[in-house]
Amino acid sequence: MERTAIISGVSRGIGKAIAVKFLSEGIKVAGIGLNDPQWNYPDFKFIRADVREQQQVEEAFNIALDFLGDKLDVLVNNAGLGYFKPVEDLSSEEFIEMFEVNVFGTFYLTRLAVPIMKKQGKGHIIFLGSVAALNGIAEGTGYCATKFAVRGFALSLFKEVRQFGIHVTLIHPGSVKTDFFRNFPSVEVGDWMLKPEQVARSVFHAIQCEENCNVLELELRPLILPSK
């Protein structure tokens with residue numbers, strides 16, 4: 001039977017790579033984002049929505065569910081952003097925006113997905129965490145705070161939904177070569193970083209786990225760091 005997935009932040013970077021991987025494996029995908037990737041996959045539907053806005057998320061989710069045939073096997077909470085600067089230079093607006101996207105957007109989608117998965121008696125919820133959910137990062141006070149929050153949310157959710165056959169997985173990538181670092185000027189993007197496709201393969205690996213097995217946390221790191 002064809003599997004189905006909703007992926008947030010699908011327009012570029014890791015979210016886009018996950019969508020392409022899923023589609024290549026025969027998974028039907030509804031992608032939520034701000035910019036249409038303009039693909040011609042018959043099993044893909046793009047839905048424009050800002051995950052900070054609860055009403056937009058609810059409307060997008062309903063459109064996605066209709067496209068997927070009222071069945072949801074996988075939810076990938078990928079949408080996220082970060083501002084990196086000394087705490088005294090971090091504006092209240094930037095701090096709030098990170099929480100709205102990284103935490104509230106994740107909550108809005110997950111809350112909608114759980115009842116459907118409970119009714120099905122199965123499902124898998126993926127959270128794109130970060131090594132910033134495991135360690136503090138200088139100039140990353142706000143971003144780390146959001147990712148620590150997401151990790152707490154996901155670990156608690158696992159204990160809440162496991163008895164309903166719902167899997168929960170946190171993927172914690174280190175540095176990934178995307179435009180994420182546009183707001184982190186002290187980091188120089190390079191080929192030493194992980195590729196979005198590598199993260200996507202790890203996500204796909206996690207959802208392949210057997211029925212009575214759950215990959216709860218998976219930390220990904222570049223093997224070799226650039227020479228100083």
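Since every read-out is calculated from the coordinates, none of them should be taken as a lab result. What you see is a predicted model; the values in this text were computed from it and never measured. Cβ placement follows ideal geometry from the backbone for every residue including glycine, while neighbour counts extend to all protein chains displayed.
Measuring between their Cα centroids, the stretch 84-118 and the stretch 39-80 lie 17 Å from each other. Taken one residue at a time, the phi angles of the stretch 46-51 give Karplus couplings (6.51, -1.76, 1.60, θ = phi - 60°) of 8, 10, 7, 6, 9, 5 Hz. Gly and Pro are set to x.
Just rank M117, M193, fewest to most, by other beta-carbon atoms within 10 angstrom.
M193, M117
With 0.36 nm allotted per residue and the present C-alpha distance subtracted, the D43-V131 stretch has 28.5 nm of extension available.
Can you tell me how the stretch 1-84 classifies by the Cα gyration tensor, rounded, prolate or oblate, using a/c under 1.5 as the rounded cut?
oblate
Between G129, G69, G105, the GNM of the chain built on Cα springs shorter than 10 angstrom shows G69 fluctuating the most.
Quick one: order I32, I137 by neighbouring beta-carbon count within 10 Å, fewest to most.
I137, I32
How far is helix 54-67 tilted, in degrees, relative to the longest principal axis of the Cα atoms in the chain, given as a value from 0 to 90 rounded to the nearest 10? Roughly 40 degrees between the two axes.
Can you tally the lysine pairs in the stretch 5-106 where the Cα-Cα distance is under 24 Å and the two residues are eight or more apart, or on different chains?
Taking the stretch 5-106 as the scope, the lysine pair count is 8.
When each of H167, H205 is scored by the number of other beta-carbon atoms lying within 10 Å, the sequence from fewest to most is H205, H167. Compared with the dominant principal axis of the Cα atoms in the chain, helix 196-207 is inclined by about 40°. Sort out the exposed loop GluC sites (Glu not before Pro) in the chain (DSSP loop, at most 13 other Cβ within 10 Å) and tell me the longest stretch that has none. So the longest stretch without any such site is 26-187. Taking the longest Cα principal axis of the chain as reference, the axis of helix 105-120 is set at about 30 degrees. Using C-alpha pairs under 8 Å with a sequence gap of at least 6, the mean separation divided by the residue count of the chain gives a relative contact order of 19 percent. Around the amide H of H124, modelled in the peptide plane, lie the amide H atoms of V74, L75, H167, all under 5 Å away and 5 or more residues distant in sequence or on another chain.
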